[in-house]
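So the structure is just underneath, and the comments pick up after that.
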Amino acid sequence: MKLVFAGTPEVAVPALDALLASGRHEVAAVVTRPDAPAGRGRRLVASPVAERAEEAGIEVLKPAKPKDPEFLERLREIGPDCCPVVAYGALLPRVALDVPVHGWVNLHFSLLPAWRGAAPVQHAIMAGDEITGASTFLIEEGLDSGPVYGTVTEEIRPTDTSGDLLTRLAFAGAGLLAATMDGIEDGTLKAVPQPADGISLAPKVNVEDAHLDWTAPALRVDRMVRGCTPAPGAWTTFRGERLKLIQAAPVPDRTDLAPGQIAAGKNNVYVGTGSYGVELLWVQAQGKKPMRAADWARGVRIGEGERLGG
């Protein structure tokens, strides 16, 4: 088939690579978000998908909005059979959805209908799920509600951050997306409507959502830290300033600390929760680089009875 691939961040690059390597389909063009300011100089930088497409000599389309007439005209000129999508980052209007013969097929990082929305991996970890996966589905105008072509499953490991899990799913999902294109092309794959039961939503996790509650159980705190790493970053406050938690671990035998209370030793920093303690392993103070929690604690000289979170 002739394909137009839509994607923007680094997590979409493995899927583009899989389609380029398949040898069965032609990636005629790539659609991605416009260049965005990045770094201290805030200079405009192309998306990872745009950079990869340019390396491969593929035409790159960067519409401000997918309903832009110039973009739609070029899409019709290319005449794709199908448009595979991975984390493109913009809503597709009906006028764009109707262009390819086989529609737009999205790779979504959950087992639909679970975790529809922008942050499925973060929400799966924060909810304590043990299994997740990726799905390919035909995009409709509803939120991740279209019929599903295929799935792959992935275990959520006890120490997984959302970054760890998303990396694995990006590569597993790349193979699924390529196989989905093959099945659509040869007519052996049909999309199946999603069940009405089991729907859960995964909206974007913002900075305020990542504010830790030390009265919550230790397992909840651990899941919040892992689910919000690397972004937006779980955080609390210490002496009125934000402290980001990068890595922590539950310690079931540490039951002597009140919620938020800090106990700092030479090599360990423990904090109380609503159940038992957690050990802080890596933190980042406001305006500082990430550091081991024990080094941070020595630097700030934690006093008796001090707490995180006020």
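Some observations on this one:
- From the list THR273, THR255, the one residue that fits, being within 25 Å of ASP160 (Cβ to Cβ) and more than 24 Å from the chain's Cα centre (by Cα), is THR273.
- The set of residues from the stretch 108-118 being surrounded by 23 or more Cβ atoms within 10 Å (Cβ to Cβ) and not polar (S, T, N, Q) comprises HIS108, PHE109, LEU112, TRP115.
- Here ALA210 fulfils each of the conditions (1) within 21 Å of VAL283 (Cα to Cα); (2) of a type outside the set (D, E, K, R); (3) open to solvent by 40 Å² or more (accessible area, probe 1.4 Å) apart from (3).
- Among the residues of the stretch 138-195, the ones that are at pLDDT below 95 and aliphatic (A, V, I, L, M) come to 1 in all.
- The set of residues in the stretch 245-262 that are over 16 Å from ASP295 (Cβ atoms) and either of a type in the set (Gly, Ala, Ser) or assigned to a strand (DSSP E or B) (or both) comprises ALA249, PRO250, VAL251, ALA258, PRO259, GLY260, GLN261.
- Taken as a whole, the stretch 16-26 holds at least one residue that is of a type outside the set (Asp, Glu), buried (at least 16 other Cβ atoms within 10 Å of the Cβ) and in a loop (DSSP other than H, G, I, E, B).
- The set of residues in the stretch 141-163 that are open to solvent by 70 Å² or more (accessible area, probe 1.4 Å) and either in contact (Cβ under 8 Å) with a residue 24 or more places away in the chain or within 12 Å of the chain's Cα centre (by Cα) (or both) comprises GLU141, LEU143, THR151, THR153, GLU155, THR159.
- No other residue among GLN284, GLN247 is polar (S, T, N, Q), open to solvent by 60 Å² or more (accessible area, probe 1.4 Å) and over 30 Å from MET1 (Cα atoms) apart from GLN247.
- Residue check, ALA53 buried (at least 17 other Cβ atoms within 10 Å of the Cβ) and closer than 17 Å to THR8 by Cβ: yes
- Here ARG226 clears all of (1) in contact (Cβ under 8 Å) with a residue 40 or more places away in the chain; (2) open to solvent by 50 Å² or more (accessible area, probe 1.4 Å) except the condition numbered (2).
- Residues in the stretch 167-210 that are more than 25 Å from VAL49 (Cβ to Cβ) and of a type in the set (A, V, I, L, M, F, W, C): VAL192, ALA196, ILE199, LEU201, VAL207, ALA210.
- Test result for GLY79, within 23 Å of LEU166 (Cα to Cα) and small (Gly, Ala, Ser): no
- In this structure, GLY173 does satisfy being surrounded by 20 or more Cβ atoms within 10 Å (Cβ to Cβ) and small (Gly, Ala, Ser).
- Near pairs, Cβ below 7 angstrom, 6+ apart or cross-chain, from the stretch 65-79 (open to solvent by less than 40 Å² (accessible area, probe 1.4 Å)) to any residue that is assigned to a helix (DSSP H, G or I) and not charged (D, E, K, R): PRO66/ALA96; LEU72/VAL95; LEU72/ALA96; LEU75/ALA96
- Tally, over the stretch 89-107, of residues that are open to solvent by 10 Å² or more (accessible area, probe 1.4 Å) and within 30 Å of GLY128 (Cα to Cα): 4
- Contact map, the stretch 289-310: residues that are in contact (Cβ under 8 Å) with a residue 24 or more places away in the chain and at negative phi paired with residues that are open to solvent by less than 50 Å² (accessible area, probe 1.4 Å) and part of a loop (DSSP other than H, G, I, E, B), Cβ distance under 6 Å, separation 6+ or inter-chain. Pairs shown: ARG307/GLY260; LEU308/GLY260.
- Flag for THR215 being among the β-branched types (Val, Ile, Thr), closer than 30 Å to ASP81 by Cβ and either in a helix (DSSP H, G or I) or free of Cβ contacts under 8 Å to residues at least 60 places away in the same chain (or both): no
The values are calculated or read from the model by the stated rules, or taken from the named source; none is laboratory data. Bear in mind the structure is a predicted one, so any value in this text is a computation, not a measurement. Positions of Cβ are generated from backbone atoms using ideal geometry, with glycine treated the same way; all protein chains shown enter the neighbour counts. We work out accessible area using only protein heavy atoms, side chains counted, and drop any ligands, DNA or RNA first. Shrake-Rupley method; radii C 1.70, N 1.55, O 1.52, S 1.80 Å.
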